[in-house]
1. Which members of segment 8-24 meet the condition of being β-branched (V, I, T), loosely packed, with under 15 Cβ neighbours inside 10 Å and out of contact with any Lys or Arg (no Cβ under 8 Å at 6 or more places or on another chain)?
2. Identify, from the list R250, R292, the residue that is in contact (Cβ under 8 Å) with a residue 12 or more places away in the chain, open to solvent by 10 Å² or more (accessible area, probe 1.4 Å) and over 26 Å from K212 (Cβ atoms).
3. Search segment 306-324 for residues that are hydroxyl-bearing (S, T, Y) and pair each with any residue that is part of a helix (DSSP H, G or I) when their beta-carbon atoms are under 7 Å apart and the residues are at least 6 apart or on different chains.
4. Is one or more of the residues making up segment 262-274 under 30 Å from N139 (Cβ atoms) and at pLDDT 95 or above?
5. Name the pairs whose Cβ atoms lie under 6 Å apart, with the first residue in segment 1-25 and under 13 Å from A40 (Cβ atoms) and of a type outside the set (K, R), the second assigned to a strand (DSSP E or B) and open to solvent by 70 Å² or more (accessible area, probe 1.4 Å), and 6 or more positions between them or separate chains?
6. Considering (1) assigned to a loop (DSSP other than H, G, I, E, B); (2) at negative phi, say which one R99 fails and leave the rest.
7. Find the helices (runs of 4 or more DSSP H) located wholly in segment 230-346 whose residues include 1 or more that are under 30 Å from G144 (Cβ atoms), and list them.
8. Of the residues E179, E159, which is among the acidic types (D, E) and open to solvent by 60 Å² or more (accessible area, probe 1.4 Å)?
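The values are calculated or read from the model by the stated rules, or taken from the named source; none is laboratory data. Remember, predicted model here, so these are calculated numbers, not experimental data. As a convention, Cβ positions derive from the backbone with ideal geometry for all residues, glycine included, and neighbour counts pool all protein chains shown. Please note that ligands, DNA and RNA were not included when accessible areas were found on the heavy atoms of the full protein model with its side chains. Shrake-Rupley method; radii C 1.70, N 1.55, O 1.52, S 1.80 Å.
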Amino acid sequence: PLMEGDTVRGVIVQNKSGRQAIVANVVIDATGDGDLAEGAGVPTVKGRERVGKMRPVTVLFRLGGVDVARIVEYARAHPDQFTADPNFQVLQPEQGVVRTSGFFDLVAEGRQRGEIEGDINYLRFEGIQVARGIVTVNNSRVYGVDGTDAWALTRAEIEARRQNRLLYQFIKKYVPGCENAYVIDTAANIGVRETRRIRGEHVLVEPDIVGKRRYPDSIARIWRFYAEGESRERHSPDGGEGAAGNLIYRTQTTYIFPFEIPYGVLVPQKVEQLMVAGHIISQTHEAEMWSRGQFSCLLLGQAAGSAAAISTRDGVSPRKVDVAKVQQALVAQGVDIGEAATPLAP
């Protein structure tokens, strides 16, 4: 960040043209890790409060040459080997929609034989193109990784890709319909689910989400899978994801749950002319489970961008912007901002 006291005046970048300074009225940190906010002196929290443990990281890969019909046939014949959640076990090939999570016994046997390594207890196939026989595999899990540490990320890249090689060999050998599967591509780099979160004007907490709290300054209503009980956390830093006792992956059923996000989570404490977007917003570890999805990050970026434009136009800081104007702009763009918010009439 390019700082003047406690105010961000722009950013310093390094690119093909060398080192440059880009000056801006408002800067939005959408780095995914709060890199700019941290450098500007914004209070941040990393991972789970007090202990700092973070969700596992993953490298996705895609398979081609898959007979999806045979996967569906196997899943229908062995329902006890797959999640009971209809949102994650979707077998509708006639409509071109298939998503499956399970193969529990196959994976357990593979782990015993040493054919699968790491904390992997199930197979998760999604992003499936039924007619083309393409399947996205979301399974490598590397724990204890600090996504803000370049060395830790490098080690995680190596480990996740090693896991994926074993997974590919296992899937090709044991999963019906995958005998002729081949790797189309892998993710360009590792996917990081959680690192820093800022402390802002408002802190989003899970009890408010579950309690359906409404905010007069809401800038987005998000829809997310929700399950009752203590074991509802997906991608827990503690590991054991999909293991026999992990109910959220085995027997629990989720339902679609709406919640609102207030404007204050986008505005950091102590630093001016800076906003954030994505899962680095001001929230707790538990709340981040709800808001870290792509849909949420897209809307938060749209809200931050709209607020920055209005802040610049009106000559006020993002902290003092008229939130009603931001809401009006978002509603005009087709964004659902929730029920309690009352934007200005267009």
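1. Here is the first cut: in segment 8-24, the ones β-branched (V, I, T) are 8, 11-13, 22-23.
Now narrow it down to the ones that are loosely packed, with under 15 Cβ neighbours inside 10 Å: 12-13, 22-23.
Of everything in segment 8-24, just one residue is β-branched (V, I, T), loosely packed, with under 15 Cβ neighbours inside 10 Å and out of contact with any Lys or Arg (no Cβ under 8 Å at 6 or more places or on another chain), namely I22.
2. Details: R292 fails: over 26 Å from K212 (Cβ atoms).
Matching residue, one of R250, R292: R250.
3. Matching pairs, first to second residue: S306/V326; S306/A329; S306/L330; S311/P318; S317/S311.
4. Step one: filter segment 262-274 for residues under 30 Å from N139 (Cβ atoms), giving none.
No: zero hits.
5. Correct list of pairs: L2/R9; L2/I12; G10/I22; G10/V23; V11/I22.
6. Result: R99 passes all but (1).
7. Details: elements: 247-250, 285-291, 294-314, 323-332.
Where helices (runs of 4 or more DSSP H) fall fully within segment 230-346 and carry at least 1 residues being under 30 Å from G144 (Cβ atoms), they are 247-250, 285-291, 294-314.
8. Values: E159 fails: open to solvent by 60 Å² or more (accessible area, probe 1.4 Å).
Exactly one residue qualifies, and that residue is E179.
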